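Have a look at the structure below before the remarks.
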Amino acid sequence: MKDELSKQIISTVRQFVNQDVAPVVNELEDKDIYPKDLAEKMAELGLFGINIPEEYGGLGLPFKTLSDIFIELSKGWMSLAGILGTHTILSYLILNYGTEKQKEKYLPGLANGFYRGGLGLTESHSGSDVQNIKTIAKKNEEGYEINGSKMFITNGSNGNLFIVVSKTDLNVKPKYKGISCFIVEKSDEGFSVGQKLNKLGYRGVDTCELLFQECEIPLDRLLGVEEGKGFTQVMDGLETGRINVAARSVGVAKVALDMSVSYAKNRETFGKKIKDHQMIQSMIASMATKIEAANLLVDNAAKLKDQGERVDLESGMAKLYSSEICQEVCMDAMRIHGGYGYVKELPIERFYRDAPLMIIGEGTNEIMKLLIAKRVYEKYI
């Protein structure tokens with residue numbers, strides 16, 4: 001039953017990309033316009049509730065289906081997958097670590113798209129160094145007062161619900177034991193959206209600064225109503241985030257390859273189709289092989305996540321490899337297209353601008369290598 005539903009959803013997403021996304025993506029991306037109508041359509045299709053159980057109004061489908069959806073969306077426009085990606089991390093954290101009251105209050109709205117949001121983790125001075133965040137949540141009689149800021153937050157201005165990672169204990173050692181997660185609504189007093197960032201790629205989706213100035217949060221908005229668990233919670237959430245970033249990388253690389261093959265079959269130089277030139281054949285072979293390997297890494301991480309396994313190693317590998325080959329494939333696609341790949345009449349240049357985000361997002365690839373090495377060492381001890 002679930003397998004059939006997964007197939008139907010993926011087919012529907014593919015149709016949505018072809019019919020709804022393709023005609024408008026160039027204008028929205030070029031003008032950096034948030035795709036409100038497309039986001040509404042995604043909500044109608046149930047995509048915001050893919051990984052939320054049916055009892056809370058979602059579809060309750062596996063991570064494997066979710067990663068396949070990210071691939072299909074990214075083939076049309078990677079930014080759309082970004083809107084959905086950070087939302088699914090938020091849903092995952094509330095589903096897996098929230099109290100029953102928190103689940104009942106937020107998951108149905110997250111499933112139908114009433115709530116849309118993301119993860120308030122990154123700060124301008126700490127980046128991937130989560131233990132050294134400066135945002136502080138101070139407990140008082142009525143709840144918590146949050147002060148600080150977050151940077152590079154997807155869905156920052158159009159979202160209305162966020163998990164905000166804050167320090168609740170400044171003295172505990174090691175530092176990560178003093179970190180907690182809070183559910184923050186956009187309407188909360190003291191919460192505001194700062195600057196919207198003008199980006200190289202990943203345009204259309206809003207990436208913003210979030211500001212917290214004496215932001216008052218009730219006691220029952222502490223995720224799981226237990227302090228000091230935030231680091232573990234968010235690291236688990238990032239496993240899902242790295243799978244979706246890897247899937248986005250595969251999607252962008254796949255469409256770059258598709259367009260390159262089509263172009264090579266039609267473009268003629270020196271009296272023959274360029275597909276018959278040995279150098280082009282070598283590039284196509286390398287691109288296709290890299291994409292296949294990346295797709296297998298994504299599938300493996302998603303399937304293990306569905307089995308309830310810890311997948312920081314597998315998701316890190318998938319994110320590292322997929323994002324790197326995505327950049328390489330997009331560069332090769334531009335080489336194959338020549339001058340046409342460099343102009344905005346074709347989306348090759350957009351793929352090339354979008355690719356670096358996956359190398360940086362959800363932990364830089366340098367951090368991925370450190371995490372992978374640590375887990376590999378553990379296997380041999």
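General remarks:
- Inter-residue pairs, beta-carbon under 6 Å, first in contact (Cβ under 8 Å) with a residue 40 or more places away in the chain and outside the structural domain of Lys75 (by TED's automatic domain parsing) and in the stretch 249-261, second assigned to a helix (DSSP H, G or I) and of a type in the set (Ser, Thr, Tyr), 6+ apart: Ser249/Ser322; Ser249/Ser323; Val250/Ser322; Gly251/Ser74; Val252/Ser74
- Selection within the stretch 148-174 - farther than 11 Å from Leu210 by Cα and in a strand (DSSP E or B): Leu161, Ile163, Val165, Ser166, Lys167
- Against the test of being outside any loop (DSSP other than H, G, I, E, B) and in contact with a Ser or Thr (Cβ under 7 Å, 6 or more places away or on another chain), the options Ile280, Ile336, Ile291, Ile325 yield a single qualifying residue, Ile336.
- Checked against the criterion of being in contact with a helix residue (DSSP H, G or I) (Cβ under 8 Å, 6 or more places away or on another chain), of a type in the set (A, V, I, L, M) and part of a helix (DSSP H, G or I), the stretch 126-135 contains one or more residues that satisfy it.
- Among the residues of the stretch 299-345, those identified as more than 22 Å from Ala285 (Cα to Cα) and of a type in the set (S, T, N, Q) are Asn300, Gln307, Ser315.
- Out of Glu324, Glu328, Glu314, sole residue that is farther than 15 Å from Ile367 by Cα and charged (D, E, K, R): Glu328
- Entry remark, the stretch 201-225: residues being without any contact (Cβ under 8 Å) to a residue 60 or more places away in the chain and of a type in the set (Val, Ile, Thr) number 1 in total.
- Scope the stretch 340-381; condition of a type in the set (D, E, K, R), within 16 Å of the chain's Cα centre (by Cα) and closer than 13 Å to Met78 by Cβ; matching residues: Asp354
The values are calculated or read from the model by the stated rules, or taken from the named source; none is laboratory data. Note that the structure is a prediction, hence the values are computed from the model and not measured. Every residue, glycine as well, gets a Cβ built from its backbone with ideal geometry; the counts of neighbours run over all protein chains shown.
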